[in-house]
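Notes to accompany the following structure.
The values are calculated or read from the model by the stated rules, or taken from the named source; none is laboratory data. Everything quoted here is computed from the prediction, not taken from an experiment. Reconstructed Cβ throughout: ideal geometry from the backbone, glycine too, with neighbour counts over all protein chains shown.
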Amino acid sequence: MKEPINVLLIEDDPMVQEVNRMFIERVPGFTVCAIAGNGQEGAEKVSFYQPDLVLLDNFMPKQNGLETLQAFRQQDTDVDVIVISAAQDKETIKTMMRLGVFDYIIKPFKFERLKQALEKYQMFKQQMAGEGSVGQQELDQLQGVPSPIESPSVKEELPKGLNQQTLQQIIQFIKEQKSPLSAEETAEGIGIARVTARRYLDYLQKSGQVQIMIEYGGIGRPINRYQWQ
């Protein structure tokens with residue numbers, strides 16, 4: 001059995017700490033090894049617990065997330081970081097990205113968004129374990145870059161009202177799921193309206209990129225579920 005990925009959660013709000021802890025441990029293969037209430041405490045616990053991954057807030061007393069991340073990099077601390085913060089200003093986000101965060105999630109967020117980030121990180125850890133080399137296709141997959149074969153042709157015009165960026169987000173999200181999704185589940189995972197998700201899913205189904213499965217049972221109309229072809 002593979003060793004779980006140890007996560008240190010650095011967050012000053014006790015209620016958010018508990019919600020994030022439960023979210024993390026709902027994803028198979030992850031465990032929270034420790035929780036810190038500010039950046040200074042978090043830096044100490046990183047040294048003591050040596051986690052694989054830190055989930056880092058930005059707005060905290062004593063030492064904020066950006067200062068904590070800068071300290072990690074200055075000390076060459078061998079830890080990966082996902083930022084979960086309400087900070088939306090471009091300068092903070094750019095600085096965080098330059099300092100090598102694995103992902104940046106803006107509060108408030110849904111469980112599916114964190115799950116997506118953690119599963120992507122899990123794949124990254126698996127692919128980068130040990131020695132050897134990585135091919136372009138594997139690297140593209142780790143970075144979420146769709147294969148040209150899987151993407152609509154650049155010359156192909158999408159139906160009116162659809163855009164390429166949202167389409168690629170939906171494609172990537174569906175591909176990462178282990179079971180078929182409804183339009184509502186897809187909408188929640190991406191953060192768009194259900195009717196919008198349905199339009200994109202119908203387009204992908206008509207173009208042969210997803211297959212549709214009809215789920216019967218219970219009261220009401222059958223549910224259409226979509227899976228990557």
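Observations, loosely collected:
- Selection count, the range 1-58, where residues are more than 19 Å from K115 (Cα to Cα) and among the polar types (S, T, N, Q): 5
- For the range 23-70, a residue qualifies if it is closer than 18 Å to S85 by Cα and of a type in the set (G, A, S), and the qualifying residues are A36, G37, G39, G42, A43, G65.
- From the options E18, E44, residue that is under 22 Å from the mean Cα position of the chain (by Cα) and either acidic (D, E) or in the same structural domain as T186 (by TED's automatic domain parsing) (or both): E18
- Count of residues meeting criterion [surrounded by fewer than 16 Cβ atoms within 10 Å (Cβ to Cβ), in contact (Cβ under 8 Å) with a residue 12 or more places away in the chain and of a type outside the set (S, T, Y)] in the range 177-187: 1
- Qualifying residues in the range 93-106 (those that are touching a strand residue (DSSP E or B) at 6+ places or on another chain (Cβ under 6 Å) and not in a helix (DSSP H, G or I)) - the one farthest from V81 (Cα to Cα): I105
- Residue match in the range 92-99 (condition: of a type in the set (S, T, N, Q), touching a residue at least 12 places away in the same chain (Cβ under 8 Å) and touching a helix residue (DSSP H, G or I) at 6+ places or on another chain (Cβ under 7 Å)): yes
- Among the candidates F109, F124, residue that is surrounded by 12 or more Cβ atoms within 10 Å (Cβ to Cβ), within 14 Å of the chain's Cα centre (by Cα), not polar (S, T, N, Q) and not in a helix (DSSP H, G or I): F109
- Pair list, Cβ under 6 Å, 6 or more apart: the range 188-213 residue free of Cβ contacts under 8 Å to residues at least 60 places away in the same chain and surrounded by fewer than 16 Cβ atoms within 10 Å (Cβ to Cβ), other residue outside any loop (DSSP other than H, G, I, E, B) and among the basic types (K, R): M213/R225
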